[in-house]
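Following: one structure in structure tokens, then a few remarks.
The values are calculated or read from the model by the stated rules, or taken from the named source; none is laboratory data. The model shown is predicted, which means the values in this text are computed figures rather than measured ones. Cβ atoms come from the backbone with ideal geometry, glycine included; neighbour counts cover every protein chain shown. Accessible surface is based on the protein model in full, side chains and every heavy atom, while ligands, DNA and RNA are left aside. Shrake-Rupley method; radii C 1.70, N 1.55, O 1.52, S 1.80 Å.
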Amino acid sequence: MGKTYSKGLEGVIAAETKMSFIDGEKGVLEYVGIPIGELASHSTFEETVFLLWNLRLPKKDELARFQAELRKRYELPAGMAQRLLSLPRDAKPMHVIRTMVSALSMHDLNPDANDIPSLREKALNILARTPTLLAYFHRYRIGMPLVAPDPSLSIAENFLYMLNGERPTETMAKAMDVCLVLHADHGLNNSTFSARSVMSTQSDMYSAVTAAIGSLKGPLHGGANEGVMVMLNEIPSVDAAEKYVLDKLARKDKIMGFGHRIYKSYDPRAKHLQVLARQLASDTGNIALYDKSKRIEEVMATAVAAKGIYPNVDFYSATTYHCIGLPLDMFTPVFVIARIGGWAGHVIEQMGDNRLFRPDVDYTGPHGVAYTPVTKR
Ligand code: CMC
């Protein structure tokens, strides 16, 4: 087979999937053929995860059983909470969750079982417990008593309940749920590729998800939503946004929340999030934040839209999460909760038809170099 080099693997097809489809030119994203806007408007996160893991929507009783399977796993295994409470309080939540998802494997009697039913079981465990781990860590670091999960609540509601110690309003719970739906899967993005690549060695679900969390953390990937919020905080007013953006572009800095390897038109997730952000910002007295975002978008449209650079999913999710009341460093962890749906589904898909990922590299160094003894270097 002829070898070609594509920096950043751009344009390389490295796997097959039936989970999500993206048309980057037309700005289309579908999960199992259903447009993302339809799911954001009518589905729930739990139903969307069922869809991704089973490649069809559940019947009513199937959804109820799936929700029950998740809810009975909200509690942490014995000993996990103590482990969490021994972490440094100033640790960053992304480091915490990467470590604690990895630690969950030690509470699994058969962590290396890679048959499909076992992988599904592990996927349920990781998805159900990640919000508990994050909320417990947050309560611990702010010196507040832990709030045990409530199995009568959805993942979105329960996460906000455990984090804040009070039930979220219906609007906030719904907004959180929509964010989880919008972030659940997205083709062979870097973290999903990481998960599939680890799984292709026949490692295990925990290792695959741990690797994916490490990948998602980066500011060019899921970490961008926190970068957007930092930027919004740095810009003192709507009027200051233009100069801020143009100065950054002149320095060849990236504007967080813009651009995408695949989308060369408006990211359909960002379209939905923009509407949500505007609504929440106006409901919560944060309209100035939304207005700043809108101004940044206008400046970027004049400055760089010709290059195919538009807001991506992270841009308006920052304002949305802020309005929901999430602490800044919980933005990317929320992306983790959502994307576990995608990662776990891809891991299962990978194991259904596995071949080891092992790309080649173009060696550009010297050859035949004589070894120099340390005394002569
Ligand atoms: N701000 C300013 N210029 C940009 C941006 C941006 N955000 N993104 C791309 N460009 C420019 C870039 O400077 C380059 O210009 P030129 O051709 O003149 O040198 C051109 O567009 C191509 O950029 P690239 O970095 O080679 O494109 P890529 O496909 O490797 O990168 C990206 C995609 C997402 C890493 C990049 O757009 C970026 O760094 N964006 C900011 C970080 C961000 O928002 N990441 C979230 C991505 S979406 C959700 C997720 O994956 O988590």
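Remarks
- Residues of segment 188-241 that turn out to be within 15 Å of the ligand (Cβ to nearest atom), touching a helix residue (DSSP H, G or I) at 6+ places or on another chain (Cβ under 6 Å) and part of a helix (DSSP H, G or I), as a count: 17
Yes or no, residue by residue, for (1) in contact with an Asp or Glu (Cβ under 6 Å, 6 or more places away or on another chain); (2) polar (S, T, N, Q); (3) surrounded by fewer than 19 Cβ atoms within 10 Å (Cβ to Cβ):
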position: S191; (1), (2), (3): no, yes, no
position: M231; (1), (2), (3): no, no, no
position: I235; (1), (2), (3): no, no, no
position: V238; (1), (2), (3): yes, no, yes
position: K252; (1), (2), (3): no, no, yes
position: F258; (1), (2), (3): no, no, no
position: A270; (1), (2), (3): no, no, no
position: A288; (1), (2), (3): no, no, yes
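- Of the criteria (1) at pLDDT below 95; (2) closer than 26 Å to D267 by Cβ; (3) open to solvent by 40 Å² or more (accessible area, probe 1.4 Å), which one H42 fails: (1)
- Qualifying residue in segment 297-316 (condition: without any contact (Cβ under 8 Å) to a residue 60 or more places away in the chain, away from the ligand (no atom under 14 Å from the Cβ) and assigned by TED's automatic domain parsing to the domain that holds I235): yes
- Every pair of residues 6+ apart whose Cβ atoms lie under 8 Å, when the first sits in segment 210-237 and is of a type in the set (D, E) while the second is open to solvent by less than 20 Å² (accessible area, probe 1.4 Å) and more than 7 Å from the ligand (Cβ to nearest atom): E226/A318; E226/F331; E226/T332
- Filtered residues of segment 331-349 (kept if open to solvent by less than 10 Å² (accessible area, probe 1.4 Å) and more than 16 Å from the ligand (Cβ to nearest atom)): A344, G345, V347
- Residue match in segment 258-267 (condition: hydrophobic (A, V, I, L, M, F, W, C) and under 22 Å from E234 (Cβ atoms)): yes
- Considering (1) open to solvent by 40 Å² or more (accessible area, probe 1.4 Å); (2) closer than 13 Å to L188 by Cα; (3) in contact (Cβ under 8 Å) with a residue 24 or more places away in the chain; (4) not hydroxyl-bearing (S, T, Y), the lone condition that V12 does not fulfil carries the number (3).
- Members of segment 79-113 found to be in a loop (DSSP other than H, G, I, E, B) and either crowded, with 19+ Cβ neighbours inside 10 Å or on the phi > 0 side of the Ramachandran plot (or both), listed by number: G79
- Among all positions in segment 275-285, there is no residue which is surrounded by 21 or more Cβ atoms within 10 Å (Cβ to Cβ), within 22 Å of the chain's Cα centre (by Cα) and within 11 Å of the ligand (Cβ to nearest atom).
- When F357 is tested against (1) more than 16 Å from the ligand (Cβ to nearest atom); (2) in contact with a helix residue (DSSP H, G or I) (Cβ under 7 Å, 6 or more places away or on another chain); (3) in a helix (DSSP H, G or I), only condition (3) is not met.
- Those residues of segment 291-307 which are open to solvent by less than 10 Å² (accessible area, probe 1.4 Å) and not aliphatic (A, V, I, L, M), in sequence order: S293
- Within segment 53-71, not a single residue is within 25 Å of G218 (Cα to Cα) and part of a helix (DSSP H, G or I).
- Condition check for I116: more than 20 Å from L70 (Cα to Cα), outside the structural domain of K254 (by TED's automatic domain parsing), more than 16 Å from the ligand (Cβ to nearest atom) and surrounded by fewer than 21 Cβ atoms within 10 Å (Cβ to Cβ): no
- Exactly one residue out of L134, L163 is in a helix (DSSP H, G or I) and farther than 26 Å from M205 by Cα, and it is L163.
- Breaking point among (1) aromatic (F, W, Y); (2) in a helix (DSSP H, G or I); (3) loosely packed, with under 11 Cβ neighbours inside 10 Å, for Y5: (2)
- Condition check for A288: of a type outside the set (S, T, Y), touching a Phe, Trp or Tyr at 6+ places or on another chain (Cβ under 6 Å), more than 14 Å from the ligand (Cβ to nearest atom) and part of a helix (DSSP H, G or I): no
- Among the residues of segment 123-142, just one is open to solvent by 10 Å² or more (accessible area, probe 1.4 Å), more than 15 Å from L76 (Cβ to Cβ) and touching a residue at least 24 places away in the same chain (Cβ under 8 Å), namely R141.
- Check on F21, part of a helix (DSSP H, G or I) and not small (G, A, S): no
- Taking (1) open to solvent by 10 Å² or more (accessible area, probe 1.4 Å); (2) touching a His at 6+ places or on another chain (Cβ under 6 Å) in turn, D360 satisfies each apart from (2).
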